[in-house]
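Structure first, then comments.
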């Protein structure tokens, strides 16, 4: 496991260097439609190639861009090479990478990185830590007791949740990178996602949130570190479902 985590960190360092050194317009060029159904930018494909170079030795890779690649080890590795591609091309500083490792159906490790500010989150069976990609001084991750807002991903296309949150005066932001938002779940009041969820988007993030309160029904995902907040919002969701 230690070798896998080191290789994933090394891959992220290489991707970060790539973004720093290459021209933005070069990285933003649309190339093809990826396995996940989205149009792949050059940055997506280059980041994916770097992950493949570092991680294929550990097992089969399932990537948002190329789909399935047969590897040389016993693990399944689920990758979103660039989480928040639209943010990247828009120069909005909230984008990164997401990698999860699975063994016989059980997630064993994950790394999520915010390439915009260098935050890197690392979790396995024994630890959950955070560092900066430049210094790599990892510290155990705690919960922020002063948070005042939540995160609502995909709020722009909400069919149910937007009105529920609005009518209850619940504050949130919608930054546009789902894996990153799940990694930051301990810093905010809650993370909500409405819509169909692909494994590339949620594998690493859900593993990092497995000890938090979770509601996952009818294409609605709610995660919160706070039981009181979780109970309040999940009850609003259940009430809203009954009224539809």
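So how tilted is helix 2-21 from the main axis of the chain? Cα-based, degrees 0 to 90, rounded to 10. Once rounded, one gets 90 degrees.
For q values of 0.23 Å⁻¹, compute log₁₀ I(q)/I(0) with the Debye formula on a Cα-only model of segment 5-59, without solvent. Values, matching the q order: -0.91.
Given axes a ≥ b ≥ c from the Cα gyration tensor, I'd like to know whether segment 109-183 is rounded (a/c under 1.5), prolate (a/b larger than b/c) or oblate. Here segment 109-183 falls in the prolate category. With contacts taken as Cα pairs under 8 Å at a separation of at least 6 residues, the chain carries a relative contact order of 14 percent. Roughly how far apart, in whole Å, are the Cα centres of segment 140-200 and segment 92-107? For segment 140-200 versus segment 92-107, the Cα centre distance is 18 Å. Taking the empirical scaling 2.2 N^0.38 Å for compact globular proteins as reference, segment 33-78 has a Cα radius of gyration ratio of 1.10. May I ask you to derive the relative contact order of segment 2-138, considering only C-alpha pairs under 8 Å and at least 6 residues apart, and to give it as an integer percent? It comes to 16 percent, rounded to a whole number. With respect to the chain, whose longest principal axis is taken over its alpha-carbon atoms, helix 227-243 is tilted by about 70°. Above 18 Å, the calculated P(r) of segment 150-243 contains 37 percent of its Cα-Cα pairs.
Give me the distance in nm between label points sitting 7 Å out from Cα along the Cα-to-Cβ direction at residue 6 and residue 24, one decimal. So the two model labels end up 3.6 nm from each other. One decimal place: the segment residue 174-residue 57 gains 38.5 nm when fully extended, by the rule 0.36 nm per residue minus the C-alpha distance.
A simple packing score, the average count of other Cβ atoms within 10 Å per residue, orders the peptides 177-185, 22-30 as 177-185, 22-30, with the highest score first. Per residue, the Cα convex hull of segment 2-138 amounts to 95 Å³. Pairing the Cα long axis of helix 42-55 with the longest principal axis of the chain, what angle in degrees results, from 0 to 90 and rounded to the nearest 10? Roughly 70 degrees, rounded to the nearest 10. Taking R0 as 25 Å, what FRET efficiency do you get between residue 39 and residue 14 from their Cβ-Cβ distance, rounded to the nearest 0.05? Approximately 0.60, to the nearest 0.05.
At a Förster radius of 22 Å, what calculated FRET efficiency corresponds to the Cβ-Cβ distance of residue 214 and residue 239, to the nearest 0.05? Computed FRET efficiency for residue 214 and residue 239: 0.75. With Cα atoms as the point set, the chain shows a radius of gyration and Dmax of 17.7, 53 Å. With contacts taken as Cα pairs under 8 Å and at least 6 residues apart, segment 150-243 reaches a relative contact order of 29 percent.
Laboratory data are not the source of any read-out in this text; all were calculated from the coordinates shown. Here the structure is a predicted model, which is why all the values come from computation and not from measurement. Heads up, the Cβs are rebuilt from the backbone with ideal geometry, glycines too, and the neighbour counts pull from every protein chain shown.
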